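The values are calculated or read from the model by the stated rules, or taken from the named source; none is laboratory data. Since this is a predicted model, take the numbers as computed values, not measurements. Don't worry about glycine lacking a Cβ; one is built from the backbone with ideal geometry, like all the others, and counts go over all protein chains shown. The accessibility values were calculated without ligands, DNA or RNA, using every heavy atom of the protein model including side chains. Shrake-Rupley method; radii C 1.70, N 1.55, O 1.52, S 1.80 Å.
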Amino acid sequence: DSVIDALGSWRTRHESLSVTLVRGNHDRSAGDPPKQLDIECVSPGERRGPFELVHEPDEASGNGYALCGHLHPGVQLGGTGGLGRKTAAKLPAFVFGADCAVLPAFGRFTGLAGVRPVEGDRLAVIADGEVIALNFGRDA
């Protein structure tokens, strides 16, 4: 009930935002969200313009650029802070590959899986309410 209440408060603050949920592994037991949350629910494989909406990358058919979730990507960044102290932060990340984008997960109970980008991938993290592109590899 507390999750539904929190989501309801968020939807009230963002009622003009169109929200689409692609059903996945958790939705089989939880079911679709309550109608009053105004969240459109679709099955994997739904097409929206040039995009194919899937829950997991393996569900993509190749008929469009796939948008998926499920993996909860995160990137650990580290460096040296003030007074020479090592600092680190694990942040939710977008991963844009050649054929598929993996969208980040939000929330305390989702966890974050480490991302191992491959040549050509583009990454962006979410920090302090901003999306920040990352550079990595030879040219970083």
Enumerate the amide H contacts of Val75 below 5 Å, restricted to partners 5 or more residues apart or on another chain; note that Pro and chain-start residues carry no placed amide H.
Leu91, Ala93
Extension gain from Arg28 to Phe51, taking 0.36 nm per residue of separation minus the Cα-Cα distance:
5.9 nm
Sorted by accessible area (1.4 Å probe), largest first, how do Phe51, Phe94 line up?
Phe51, Phe94
Taking a probe of 1.4 Å and leaving out DNA, RNA and ligands, the stretch 14-91 shows per residue an accessible area in Å² of 66 Å²
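How large is the Kirkwood hydrodynamic radius of the chain, counting all unique pairs of alpha carbons, in Å?
Kirkwood radius, the chain: 17.0 Å.
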antiparallel share of DSSP beta bridges within the stretch 60-117, to nearest 5, in %, is 65 percent
Additional length obtainable on full extension of the chain from Arg13 to Tyr65, 0.36 nm per residue less Cα span
15.7 nm
Can you tell me the length gained on complete extension of the stretch Ile132 to Leu21, counting 0.36 nm per residue apart and subtracting the Cα distance?
37.5 nm
What longest region of the chain stays clear of GluC sites (Glu not before Pro) that DSSP places outside H, G, I, E and B and that have at most 11 other Cβ atoms within 10 Å?
16-118
Carbon/sulfur fraction of accessible area - the stretch 22-134, other protein chains in place, 1.4 Å, %:
53 percent
